[in-house]
Structure formats: structure tokens, C-alpha cells
Amino acid sequence: MAMTVRFQETGGPGVLRLDDLEPGDPGPGEVLLRIDAIGLNRADVLFRSGQYIEPVKQFPAGLGSEAAGVIEALGPGVTAFTVGQPVSVIPNFSQNDYPQYAERALAPVTALVPRPEPVDAVAGAAVWMPYLTAYGAMVEIGRGRAGDVVAINAASSSVGLAAIHTTNRLGATPIAITRTRAKRQRLLDEGAAEVIVSTEEDVAGRILSLTSGRGAEYVFDAVAGPGVVELARAVAADGTHFLWGAASGQPTPYPGFELGMPALNLRTYSVQEISRNPERLRRAIAFVSSGLRTGAFRPTVDRVFDLEDIIQAHEHLESNTHFGKIVVATSR
């Protein structure tokens, strides 16, 4: 049996419960994992609350799509991995099918990345989703280049920090956008060239000023909602405004008409565009692995919770006070 997080209805963090469940034996193309650490993502909150792009299929439902652990058993035909091998789990599957909030869980082999021994479980659960997301938008799809300017809101999130690091590695210039001045210095320490405090400054005006009126070639937007119109003012001609999240919880207007139909590319984006495409994923893993080896990329962990404290972990995630990744450990 394994302690497993489930919920019987959609709602706030209080709907989460701990149950003892048997994960079962792995089938073809699957492995059974001993989960050591779980990476929390905004998608988990949306799925739990019934607001995700994919609905919950049935209750009780599980949760989670990013983790690190050790393989306990292989399904029929699995030859690329071995029992006892440390791995990370990346989000390329439905939480309906392979929930990872558990002490032991099944996972598809397509979602596994070997985890070198120096990388501990907490780091292994914290690093992949942020960097795959940033790489996919800026490199694989956006074709970002040296000299570009990238404006990043929700910059203190794990994806925001990965976007700062990725932008620097490309030779581009990251402009971080945050709601509170308290995070300004830490964002500069993480490599932001400039930090804009959105509650105190004219964000679009500041970006235009910093770029001599040109605007940012890319806006990496995790908030969306009504603020899209204002942020879109700061996108350079033929630039791209990536909408990869919807943290505002409000409807997102199309800004083109209000801004006089500029040459603006407004594009929704999900990490699954990378993680579910084998060739894109191969390139992404190579890019991120290279950054990890050189030290250009690193997990930024805000706090580690115990699995028994999963409700508090989700409350902390929803507070938006964290800096970097929130991780849950199954045993410490």
C-alpha cells in the first residue's frame, strides 16, 4: 500500500485527502516508481479546482504530473530503464491517467528522464517542467536569438526563473516583472537585467523605455486576463506574446483591435507541445541537460513540504508568495 493524495470533488486545497492505495503492477510501456519528491505546478491547482484545460474524468481523482524517484518494477517490453534506476518524471501525460502525488505510482516510460546520482530527488522534481516550458517557448517555437529582449511576468515562479536563466543563456536580455518590490533584488541576483514592479510602475511604458521604444521581441505571460492589452503594447513589431498560464483567473481579451491592429503574434502555449512530441522533447532534454552540466541552469526551490502537509503546500502555492519551486517530499 502507498499513501496517495486524492480528491472526491473539485474545490480548494481542503478537498485533498490522503488514502492508502495499491498502485498495481506496471503494464506495457509503464514502470512502477517509488516516489521520493513531487514538484507542484499551477496546473495541479487548476485541475484540482476544475479550471484546467482538461477536466477531471472521474472521482475519486488523483493529482500531479512531475516527480522524482526510483524504479521499482518494469512493465512488459520496457528495456530502456532498469530496476533501481533514479529518474525524474516530466509532464507529458494526463493527471487522470498517471497521478504522481503518492509514495508509489505508475508512470509511462515516455515521461522518464534518467537522473544522475549527484542530482537529488528534490532537485530532480523541481527542474524539468520549468526549463522545458521556457525552452519550448523561447527556443523551439519562438526561435529566440542573441540580442532579443524578453519580458517575463510572474518572474519569481519556477517557470519565470527558468525563463530568466534561459534568456541569458541565449544571449538575450531578460526583463522581470513582479508584483512586489520585496522580490526585486532576488530577481536581479537570478540574472534579470531589469526588474519592473507592476504595482508601482507603468509596465509597458518601462519596457518601451528600456528598449528605446522598440519593445520586447517576446513577452512570456503566465497571468493573462485584462492585463494582456497593456502588456501587448510593449511587444515589438512582429514580436510574440506567449500566453502560457492564466493566473489572473479572468477572461483574456484579444488586444489587437484595441491597439490598432499592430503586427502582433499572440500565441497560447503549453509545455505539452514539447513533452508530448518525441523529437522536440529530445532536443529539449539535450538543451536543459547541457545547462545543468554547466551550471547555467539550476533548480530554485522555495520550500519542501511533507506529503502529509499537502493541503498547506497547495495553500502556499496559491498564496503567490513563493520564490521558485514548491516541492513535496514523501519521506525525510
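Tabulated data for the structure shown
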item: Selection from Gly27, Ala43, Phe7, by position along the positive dipole direction of the range 1-96 (Cβ); result: Ala43
item: FRET efficiency, Glu9 to Arg145 (Cβ-Cβ, R0 51 Å, nearest 0.05); result: 0.60
item: Which of Ala182, Ala329, Val83, positive extreme of dipole for the chain (C-beta unit charges); result: Ala182
item: Trypsin sites (Lys or Arg not before Pro) within the range 139-210: DSSP coil, no more than 14 neighbouring Cβ in 10 Å; result: Arg143, Arg145
item: Vicinal HN-Hα couplings computed from phi for the range 290-305 (Karplus, 6.51 cos²θ - 1.76 cosθ + 1.60; Hz; Gly/Pro x); result: 4, x, 5, 5, 7, x, 5, 10, 6, x, 10, 9, 6, 6, 10, 9
item: Rounded FRET efficiency, nearest 0.05, which uses the C-beta distance separating Thr199 from Asn96 and R0 of 45 Å; result: 0.75
item: Selected from Pro278, Pro55, Pro118 as most flexible by GNM, with the chain as the system and alpha-carbon contacts under 10 Å; result: Pro118
item: Label-point separation, Gln51 to Asp309 (7 Å along Cα→Cβ), nm; result: 2.5 nm
item: Exposed GluC sites (Glu not before Pro) absent: longest stretch of the chain, with sites in DSSP loops and at most 16 other Cβ within 10 Å deemed exposed; result: 10-199
item: Only Lys, Arg (+1) and Asp, Glu (-1) charged, at Cβ; the chain dipole about Cα centre in debye; result: 840 debye
item: In Å, descending, principal axis extents of the Cα set of the chain; result: 60, 40, 34
item: Amide H within-cut-off set for Glu30, under 5 Å, with H built and near neighbours excluded; result: Gly75, Val109
item: Built amide H within the under 5 Å cut-off of Ala2, gap 5+; result: Leu21, Glu22
item: Neighbour net charge for Val235 - beta-carbon separation under 13 angstrom, K R +1, D E -1; result: -2
item: Cα lying deepest toward the dipole's positive end in the range 131-272, options Ser157, Leu210, Phe242, charges on Cβ; result: Ser157
item: Point-charge dipole on Cβ atoms (K/R +1, D/E -1) for the range 131-272, about Cα centre, debye to 20; result: 200 debye
item: Reciprocal of mean inverse Cα separation for the range 131-272 (Kirkwood radius, Å); result: 14.6 Å
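Each reported figure results from applying straightforward, stated rules to the coordinates on display, with no laboratory input. Worth saying up front: this structure is predicted, and the values here are computed from it rather than measured. Methodologically, a virtual Cβ is constructed for each residue, glycine included, from the backbone with ideal geometry; neighbour enumeration extends over all protein chains shown.
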